[in-house]
Protein chains: 2
Amino acid sequence: MEESLMLAIRAATAGDVPLLLRFFRELAEFERQPGAVIINQETLIADGFGAQPKFRGLIAEWDGQAIGYALFFGFYSSWKGSGIFLEDLFVREAFRGRGIGRALLSEVARIARQEGSFGIRWEVLDWNEPAIQFYKSLGAEFFDEWRQVLLEADALNRLADG
Amino acid sequence: MEESLMLAIRAATAGDVPLLLRFFRELAEFERQPGAVIINQETLIADGFGAQPKFRGLIAEWDGQAIGYALFFGFYSSWKGSGIFLEDLFVREAFRGRGIGRALLSEVARIARQEGSFGIRWEVLDWNEPAIQFYKSLGAEFFDEWRQVLLEADALNRLADG
């Protein structure tokens, strides 16, 4: 039976880094931020596949072809403890609607449960209705009172300087 | 001169866990979520102060009295690499307006720069105008297109089960 399965989910390895970079760029394009990916292969290999990985990845394959991925890492809630932060969940457009995103997320949920994480958190763009409906169908909660803040580059340096 | 300084920022230790728990509850109260803190001291000691800490904390002291804290951990952007996620930033009400929150955040910014993090990200409640104005004054960016999603408890188990 195993050979007839069209969908397989496997852990990403250092050999997947060129593929992951392509996925990141495709996701950035979908999120209307082309050019936002400034990370390079060397950094990804060092950060994700060394002695203390800063993230983990899953690759979804359909008939042996990589067509989606999930990228996640641990976060910490001071109220509830260890959780998993899902940074990216992506399936190539031609392969959507086949349950591949659900299978990736389901695997992340199994990892979360196995590791004693209380939950998985992530973000969704407010115009991405199919994704929002999908997450609602899973019983996910939305926290719309919260605004995202980022401090980087010159602003980070100014603050670090005092 | 050192003795005349009213404000000191120091790293949190395992001995601060009872204090941190009090702070977490005060912050939850401020965020209109009293009773949301279900974590306990044993978990916090194991998770924060063992061989592989899942978070780090800073304590702010005013005239030797602990009156605020910051709690943070590493996150990973697939576009930009390593960053710091600021989970909590809190100063007791009677001590606000003295630059203590800024001093805590400034120390986090120094740690971020020292560790090669591209930036610090965090969240703010949309009704917390003083905080929003403060973050804007630092040059922080707001990402209001993104909605927060959380999957936990029964919904997490259902997804993990397939």
Of the residues in region A:84-130, those that are over 12 Å from B:Leu156 (Cα atoms), facing chain B (nearest Cβ under 7 Å) and not in a loop (DSSP other than H, G, I, E, B) come to A:Phe85, A:Glu87, A:Asp88, A:Trp122, A:Glu123, A:Val124, A:Leu125
| task | Return a yes/no flag: does region B:6-27 have any residue that is out of contact with any helix residue (DSSP H, G or I) (no Cβ under 9 Å at 6 or more places or on another chain) and modelled with pLDDT under 95. | result | yes
**Prompt:** Can you spot a residue in region B:134-145 that is of a type in the set (A, V, I, L, M, F, W, C), within 7 Å of another protein chain (Cβ to nearest Cβ) and under 20 Å from A:Phe75 (Cα atoms)?
**Reply:** yes
Residue hits (region B:31-90; modelled with pLDDT under 95 and aliphatic (A, V, I, L, M)) are B:Ala36, B:Ala51
The number of residues in region B:40-78 that are loosely packed, with under 15 Cβ neighbours inside 10 Å and polar (S, T, N, Q) is 4
| request: Answer yes or no as to whether A:Leu21 is surrounded by fewer than 17 Cβ atoms within 10 Å (Cβ to Cβ), within 13 Å of B:Ser77 (Cα to Cα) and within 14 Å of the chain's Cα centre (by Cα). | output: yes
Within region B:39-52, restricting to residues that are aliphatic (A, V, I, L, M) and part of a loop (DSSP other than H, G, I, E, B), the one that is nearest to the chain's Cα centre (by Cα) is B:Ile39
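Conditions (1) part of a strand (DSSP E or B); (2) among the basic types (Lys, Arg); (3) touching a residue at least 40 places away in the same chain (Cβ under 8 Å), marked per residue:
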residue: A:Arg10; (1), (2), (3): yes, yes, yes
residue: A:Gly15; (1), (2), (3): no, no, no
residue: A:Leu20; (1), (2), (3): no, no, yes
residue: A:Phe24; (1), (2), (3): no, no, yes
residue: A:Val37; (1), (2), (3): no, no, no
Taking region A:99-158 and keeping only residues that are among the basic types (Lys, Arg) and more than 30 Å from B:Ala112 (Cβ to Cβ), one is left with A:Arg102, A:Arg110, A:Arg113, A:Lys136
In region A:59-83, anything in contact (Cβ under 8 Å) with a residue 24 or more places away in the chain, touching a helix residue (DSSP H, G or I) at 6+ places or on another chain (Cβ under 6 Å) and facing another protein chain (nearest Cβ under 7 Å) is listed as A:Gly81
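Before we move on, is B:Arg92 in contact (Cβ under 8 Å) with a residue 40 or more places away in the chain and surrounded by 15 or more Cβ atoms within 10 Å (Cβ to Cβ)?
yes
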Sole miss for A:Arg32 among (1) on the phi > 0 side of the Ramachandran plot; (2) away from every other protein chain (no Cβ under 13 Å); (3) open to solvent by 70 Å² or more (accessible area, probe 1.4 Å) is condition (2)
Picked from region B:108-162 (must be β-branched (Val, Ile, Thr) and under 18 Å from the mean Cα position of the chain (by Cα)), the residue surrounded by the most Cβ atoms within 10 Å (Cβ to Cβ) is B:Ile120
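The values are calculated or read from the model by the stated rules, or taken from the named source; none is laboratory data. Fair warning: this is a prediction, and the values are worked out from it, not measured in the lab. With ideal geometry, Cβ positions are generated from the backbone for all residues, glycine too; neighbour counts draw on all protein chains shown. With ligands, DNA and RNA removed, areas are computed over all heavy atoms of the protein, side chains included. Shrake-Rupley method; radii C 1.70, N 1.55, O 1.52, S 1.80 Å.
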